[in-house]
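Read the structure below first, then the notes.
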Amino acid sequence: MNALENLEKTYKLVDAPKDVIRAVQGQLLKVHLLNGVADGVVGKLTLSAFAEFKKLEYLEYPELLGKSTAIALLEATSDRKAPTDEPTKAKDTSLKVFFPKIGWVGANQPVHAGGNFSWGEFTKNLTRVPQTEKVVDAITKLAYYLEDVRAQFGQPSIIINSGYRPTSVNRAVGGASNSQHLYGAAADIVVSGIKPHEVYKRLNQTHGSKGGLGNGSSFTHVDLRGYRARFAYGA
């Protein structure tokens with residue numbers, strides 16, 4: 001078992017247990033931010049790679065390792081392939097994957113005509129293919145709702161950190177057993193230029209009983225479960 005999977009405490013990376021440090025280094029090696037070996041020793045290269053990872057994932061506090069960072073590290077490698085395995089695939093805009101109900105879909109194809117959100121954004125660049133029409137419908141409904149969110153904040157760009165998660169991915173990142181991500185009904189978002197806590201605060205005024213809102217330090221969870229739910233994430 002990866003030592004990051006059950007991480008509950010928050011550490012300065014240099015003070016973390018050796019097995020945890022090795023697990024962090026292993027993930028950083030997989031995403032090609034770190035060269036060398038996972039030796040459990042935090043040096044300049046490890047610190048630099050860790051800080052760069054947190055920057056890329058829009059995570060605060062570059063020296064701290066907590067549950068949110070552990071989940072991001074696990075999720076970042078759960079569906080990536082080594083660079084020698086079809087290296088151009090993720091960048092190939094002509095790539096299409098067959099989705100239930102709608103047929104062949106491209107990563108840059110908008111979820112609905114004229115919309116600002118693509119299928120690739122909800123499915124990690126088409127690496128997480130919905131298996132049922134119900135999931136496709138849920139993603140479509142969520143995309144329409146995020147257009148409303150975008151309008152509410154004055155049309156800024158919105159980054160989807162995590163959208164649909166198949167069961168294997170959700171389990172790997174430590175997601176809740178009944179997570180709305182499993183059904184395509186949830187997204188962890190970052191609104192450009194606005195701090196996540198402020199995003200949560202403002203959405204809480206309008207989201208009502210549409211679904212859940214999660215207040216995190218580096219993202220805001222939004223879902224359409226159909227009843228009111230509010231929660232906060234740890235460090």
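A short reminder: the numbers here are calculations on the coordinates, not readings from a lab. Just so it is clear, the model here is predicted, and its values are computed rather than measured. Cβ placement follows ideal geometry from the backbone for every residue including glycine, while neighbour counts extend to all protein chains displayed.
As a test of understanding, state the convex hull volume per residue of the stretch 1-47 from its alpha carbons, in Å³.
Expressed per residue, the convex hull around the Cα atoms of the stretch 1-47 is 74 Å³.
Place a label point 7 angstrom from the Cα of Val31 along the Cα-to-Cβ direction, then list the residues of the stretch 163-196 whose backbone nitrogen is under 14 Å away.
Output list for this probe position: 173.
Roughly how compact is the stretch 90-232, stated as its Cα Rg over 2.2 N^0.38 Å to two decimals?
Rg over 2.2 N^0.38 Å, computed on Cα atoms: 1.00.
What are the semi-axes of the equivalent ellipsoid for the stretch 11-78, taken as the square roots of 5 times the Cα gyration tensor eigenvalues, largest first, in whole Å?
Listed largest to smallest, the semi-axes of the stretch 11-78 are 15, 13, 11 Å.
I'd like the orientation of helix 133-152 relative to the chain: the angle between its Cα long axis and the longest Cα principal axis, in ° from 0 to 90, rounded to 10.
Helix 133-152 sits roughly 90 degrees off the main axis of the chain.
Is there a quick way to get the dipole size of the chain? I mean about its Cα centre, with the Cβ of Lys and Arg at +1 and of Asp and Glu at -1; what is the value in debye to the nearest 20?
On the way: 29 positive and 22 negative charges, 61 e Å.
For the chain, the charge dipole is close to 300 debye.
Give the value in nm², to one decimal: projected area of the alpha carbon convex hull of the stretch 143-191, averaged over all directions.
Its Cα hull, projected and averaged over all orientations, spans 3.4 nm².
Tell me the label-point distance for the pair Trp104, Lys195, using the 7 Å Cα-to-Cβ offset, in nm and rounded to one decimal.
4.8 nm
Take the Cβ-Cβ distance between Asn178 and Arg228 as r, set R0 to 22 Å, and report the resulting FRET efficiency rounded to the nearest 0.05.
Details: r = 16 Å, r/R0 = 0.73.
Result of the calculation: an efficiency of 0.85.
Given a Förster radius of 22 Å and the C-beta distance between Lys12 and Tyr58 as r, what FRET efficiency does 1/(1 + (r/R0)^6) yield to the nearest 0.05?
Taking R0 as 22 Å, the efficiency between Lys12 and Tyr58 is 0.65.
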